[in-house]
1. Taking θ = phi - 60°, what integer Hz values does the Karplus form 6.51 cos²θ - 1.76 cosθ + 1.60 yield along segment 302-319, in sequence order, with x for Gly and Pro?
2. Quick one: net charge around Ala135, please, counting Lys, Arg +1 and Asp, Glu -1 for every other residue with C-beta under 12 Å from its C-beta.
3. Among the lysines, select those whose C-alpha is under 28 Å from the C-alpha of Lys406, and discard any that sit fewer than 8 residues away in the same chain.
4. Excluding Asp61 itself, what net charge comes from residues whose Cβ is under 10 Å from its Cβ, given Lys and Arg +1 and Asp and Glu -1?
5. With the full set of protein chains in place, find how many percent of the accessible area of the chain is carbon and sulfur; take the probe as 1.4 Å.
6. Taking the solvent-accessible surface of protein heavy atoms with a 1.4 Å probe, what is the per residue accessible area of segment 418-556 in Å²?
7. So, for segment 96-204, what is the accessible surface per residue at a probe of 1.4 Å, expressed in square angstrom?
8. Expressed as a rounded percentage, what relative contact order does segment 10-137 have, with Cα pairs under 8 Å and six or more residues apart?
Amino acid sequence: MRHDDEVASRTDDAPLPADRFLNRELSWLDFNARVLEQAEDDGLPLLERLKFLAIFASNLDEFYMVRIAGLKRRQSTGLTVRSPDGLTIREQLHLVTARTQELVQRHSDVFNKDVLPRLEAEGVQIVHWDELEEAAALRLREYFRDQVFPVLTPLAVDPAHPFPYISGLSLNLAVSVRDPETNVPRFARLKVPNNVPRFVPVGTENRATFLPLEDLIAAHLSQLFPGLDVLDHHFFRVTRNADLEVEEDRDEDLLQALERELARRRFGPAVRLEVAEPMDPRILEVLVSELEVQPEDVVHVPGLLDLASLMELYDLDRPELKDEPFVPTTHPRLAEGETPTSVFATLREGDVLVHHPYHSFATSVQRFIEQAAADPNVLAIKQTLYRTSGDSPIVNALIEAAEAGKQVVVLVEIKARFDEEANISWARSLERAGCHVVYGLVGLKTHCKTALVVRREGGVIRRYCHIGTGNYNPKTARTYEDLGILTADPRVGADLTDLFNVLTGYSRQTNYRTLMVAPHGIRNGLVEKIRREVRHAAEGRPAGIRIKVNSLVDEEVIDALYEASRAGVRVQLLVRGICALRPGVPGLSETIQVRSIVGRFLEHSRVMSFENAGEAEWWIGSADLMHRNLDRRVEVLLRVCDEDARRQLEETLAPAMEPGVRCWELRSDGTWERLEGRDYQVGLMNRIHALAG
C-alpha cells in the first residue's frame with residue numbers, strides 16, 4: 001500500500017471510541033502515586049524520601065480542597081453530569097475514595113515501617129511521650145507550661161456550648177472527660193496550635209529526637225481539664241472546600257469582592273475527615289454528625305496525621321541524608337568572568353533561553369528586572385505577577401523603579417489560588433510606591449508570565465522582553481523546572497505591548513505576530529498545527545509532534561492528537577501530572593507515546609514542537625492543555641525563532657524521550673509502568689554545568 005493510501009485508510013470518518021478518555025481525578029491520583037513511589041525508592045537519600053512523603057500529603061490536601069470539593073459542589077446541585085470518560089459524579093467519588101484510602105495506607109506504611117526505622121538508625125527519631133526518659137520529660141513539661149499551655153483553648157460541647165468551628169487542615173484532639181461527681185461523660189475539642197513547631201526537640205545526646213506536639217499536649221490533658229477525669233483522646237483533622245467562587249461584577253471593586261470571599265473560605269463545607277487509628281466509634285459518630293460529612297468522607301490514617309509537616313524535619317542539618325547540593329550556574333551569555341554583563345547589551349546580540357533551576361534565576365530574570373529598575377535610560381516596566389516569594393526581590397525592584405520616576409505597570413493576579421492574601425498585600429505595596437496596579441480581567445485569571453522593559457537608546461525606543469513558563473518567584477525557581485526567553489526581538493516587543501493594552505485597557509485584540517494567547521487563540525492554534533502535521537504526513541513530508549506539559553485534559557486537543565496518530569504521525573508527550581489521553585490503542589493512538597518524569601525538580605515547563613515538513617516550530621509558555629487554561633485564563637505561548645534557543649530546546653526535550661531514561665510510561669489500559677534507567681535531570685545538570693565551563 002502506498003503511504004498516502006495508508007494514511008487515507010487511517011483517517012476515514014470512523015467515529016472515535018467512547019472510552020478514549022481517562023478520568024482526570026484518577027489520573028491525578030496516579031500522579032501522586034508516582035510522587036509516593038519516590039518516597040518508596042530506597043535508592044534516594046533518607047531525607048529526600050521524607051520530603052516526598054511531605055509533598056504527597058500536601059498534594060492530597062489540595063486535591064481534596066479543590067477537586068473533590070468541586071465534585072461535591074456539583075453533586076449537591078442534583079445535576080446528572082458525566083465526565084468525558086462517562087462516569088457520574090457519584091461513581092467518580094466512589095472510585096476516588098477507594099483509591100485514596102489505598103494510597104493513604106501505602107503512605108503510612110512507607111513512613112512507619114521503612115523511612116522511620118531507617119532514620120532512627122541514622123540518629124533521627126520521632127518518639128512518643130511514654131518513651132521519654134525522666135530528664136527529657138521534665139524539660140518538656142517546662143516547655144509545655146511556658147510555650148504551649150498559654151495558647152491552648154479547650155472547647156466544651158454541651159447544651160450551653162455548641163460544637164465549635166473546626167478550621168480547615170487544623171490538627172485536633174477529640175477529648176472524652178467525665179465529671180466525677182455526676183459521672184456524666186462530656187466531649188471537648190482541643191486544637192493543636194499551628195504557630196508552635198509540630199515536632200518538639202527532645203534534646204537527647206547525639207541524636208535528633210523529636211516529640212509530636214499533639215503527643216505533648218495529650219500527656220498534659222489533666223492540666224487543661226482540672227477536676228475532671230480524662231477518659232480518652234483521639235486525633236482528627238478536617239479538610240474544607242477552599243475553591244473560591246468570586247462573583248465578579250464590573251461595578252464592584254474586585255479586591256473587595258475577593259477579600260469578602262476569602263473570609264467565607266474559612267467556613268467552607270467539610271469534604272474530608274481524617275482520623276488516626278484506632279478511634280472510638282462513638283467519637284467518630286459525633287464528628288461525622290457535627291461536621292456534616294458522609295461516612296465515605298472519612299479517611300482512616302495509621303499513625304501520625306498531617307505528614308505534610310515532615311518538611312520541618314527535612315531542614316535538619318544532615319547533608320549526608322540529602323541530595324548533593326546543587327548550585328545553579330549563570331547562563332554563559334550573561335556572565336563575563338566575575339562581572340555581570342549588561343542584560344540589554346547581551347539581548348541586542350540575540351535571544352537568551354534560560355532553563356531553571358539549572359540556570360540561575362537571580363542572575364538572569366531577576367537581574368533583568370533589577371537592571372531595568374536601576375537604569376536611567378529605562379522609561380517603563382510592565383509585568384504580570386501570578387505568584388512570587390514572601391520577600392520578593394522582583395517586587396522590591398519594581399517599587400524602586402516607580403520611586404525613581406519610571407512608569408511601572410503591574411498586573412497582580414489576586415485570584416491566584418492559595419496566594420490570594422499575599423498577592424493582595426503585594427498589590428497594595430506596589431500601589432503605595434506609585435505603581436499602576438491592575439487586577440486582571442473580569443471572569444479570567446491572568447496566568448501568563450511576561451515582562452516588558454521600554455528603554456531609550458540614542459533617540460530610539462527599544463523594547464526588551466521576558467516570556468516564561470514559571471512564576472517570578474526566586475524561591476520556587478530553585479526547585480521548579482522552567483524555561484524562559486529573554487529577547488529584544490521587536491516583534492515580541494510589539495506583541496507584549498499589545499497584550500498589556502488588552503490587560504490594562506479595553507483592547508480586544510486577539511491576533512499577534514509571535515504569540516498565541518488564550519482564551520481566544522491557543523486551543524485553535526494548537527489544533528490547527530496538529531492538523532497541519534496530518535496534512536504533511538498525507539503528502540509524504542516530515543511530520544511529528546512533541547508536547548511537554550503538566551496536564552493534558554482538553555478533549556478537543558486530545559481528539560486532534562488521535563487524528564494525527566490515525567494519520568501515522570509520531571506523537572511524543574511528556575506529561576508530569578494528569579493525562580486523559582489513552583495511548584497505544586490500535587486504530588486510535590498507536591503512534592502516541594506518553595511519559596512522565598517525577599524527580600528532584602518539579603517538571604513545570606510547557607514546550608510544544610511541530611516537525612512542520614522539516615521547518616520545525618517551537619513554542620514555550622504558561623498554558624497547560626486544560627479547560628481552565630484555554631478557556632478561563634489569559635495564557636501566552638511564544639514562538640521561539642532564535643536558532644540557538646531552538647537548538648537548546650531540542651537538546652533539552654529530546655533526551656527525555658530517549659530509550660533508557662528513568663520515567664513512567666502510560667499504557668493503553670490507563671496504568672503507568674515505571675522504567676528504570678539514567679536520570680534525565682542529572683543529565684541536564686551535568687550538560688549545563690559543562691557548557692558553563
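The values are calculated or read from the model by the stated rules, or taken from the named source; none is laboratory data. None of these values were measured; they are calculated from a predicted model. Here Cβ is always computed from backbone atoms with ideal geometry, including for glycine, and neighbour counts include all displayed protein chains. To get the accessible areas, we keep the full protein, side chains included, count just its heavy atoms, and leave off ligands, DNA and RNA. Shrake-Rupley method; radii C 1.70, N 1.55, O 1.52, S 1.80 Å.
1. x, x, 5, 8, 6, 6, 4, 6, 4, 4, 4, 7, 4, 6, 4, 7, 10, x
2. Numbers: positive: Arg139, Arg141; negative: Glu133, Glu134, Glu142, Glu205.
Surrounding charge for Ala135 is -2.
3. Within reach: Lys382, Lys415, Lys445, Lys449, Lys475.
4. On the way: positive: Arg237, Arg272; negative: Glu62, Glu274, Asp306.
Here the count lands on -1.
5. Values: 14440 of 29890 Å².
Answer for the chain: carbon and sulfur cover 48 percent of the accessible area.
6. Values: 5590 Å² over 139 residues.
Accessible area per residue: 40 Å².
7. Values: 5670 Å² over 109 residues.
Result: 52 Å² per residue.
8. Numbers: 73 pairs, mean separation 35.7, N = 128.
With pairs under 8 Å counted, the relative contact order is 28 percent.
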